[in-house]
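Asks: Dropping a structure here in structure tokens format, bear with me for questions.
The values are calculated or read from the model by the stated rules, or taken from the named source; none is laboratory data. In this text, all values refer to a predicted model and were calculated from it rather than measured experimentally. Don't worry about glycine lacking a Cβ; one is built from the backbone with ideal geometry, like all the others, and counts go over all protein chains shown. Heads up: the accessible areas ignore ligands, DNA and RNA and are worked out on the full protein's heavy atoms, side chains in. Shrake-Rupley method; radii C 1.70, N 1.55, O 1.52, S 1.80 Å.
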Amino acid sequence: QGQLVESGGGLVQAGGSLTLSCAASGRTFESYAMGWFRQAPGKERELVATITRYGATKYGTDSADGRFYISRDNVKNTLYLQMNSLKPEDTAVYYCAASSRGIAIRAYEFDDWGQGTQVTVSS
């Protein structure tokens, strides 16, 4: 198993933007499906977005409104999540995940997880 290290979280006002990054090491990055999930206090972990090894993307119910954009750079071995027009309800710990399946959508399909980065959106 490799390592996943998230960065880019922080405190932002409602309506602001953040870009999360996930640096991957110790794996053949381009062959993995990658994903972002989030977990708010008292809630279950939920899908934000995934991207297959082929570049196909899927967004979760609360992130499919065009505000979030997932992308990957297979040269830099890095996954990104661009978040725009942030809302207080986007406040959560955001986790990066990797799946050796190459195509994955659900949390149980992901093998490796990062430690998470906190995103707090103030109203």
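Asks: Counting residues that are among the acidic types (Asp, Glu) and surrounded by fewer than 18 Cβ atoms within 10 Å (Cβ to Cβ), which strands (runs of 3 or more DSSP E) fully inside the range 20-82 reach at least 1? If you could, list the steps in order and put the result at the bottom.
Replies: On the way: elements: 33-39, 46-51, 57-59, 68-73.
Strands (runs of 3 or more DSSP E) meeting the threshold: 46-51, 68-73.
Asks: Does the range 93-114 contain at least one residue that is at pLDDT below 95, exposed (fewer than 15 other Cβ atoms within 10 Å of the Cβ) and of a type in the set (Lys, Arg)?
Replies: Taking every residue of the range 93-114 in turn, at least one turns out to be at pLDDT below 95, exposed (fewer than 15 other Cβ atoms within 10 Å of the Cβ) and of a type in the set (Lys, Arg).
Asks: Right, another one. Could you give every pair whose Cβ atoms fall below 6 Å, whose first residue belongs to the range 94-105 and is of a type in the set (A, V, I, L, M, F, W, C), and whose second residue is part of a loop (DSSP other than H, G, I, E, B) and open to solvent by 40 Å² or more (accessible area, probe 1.4 Å), counting only separations of at least 6 or pairs across chains?
Replies: Final answer for the pair search is ALA98/TYR32.
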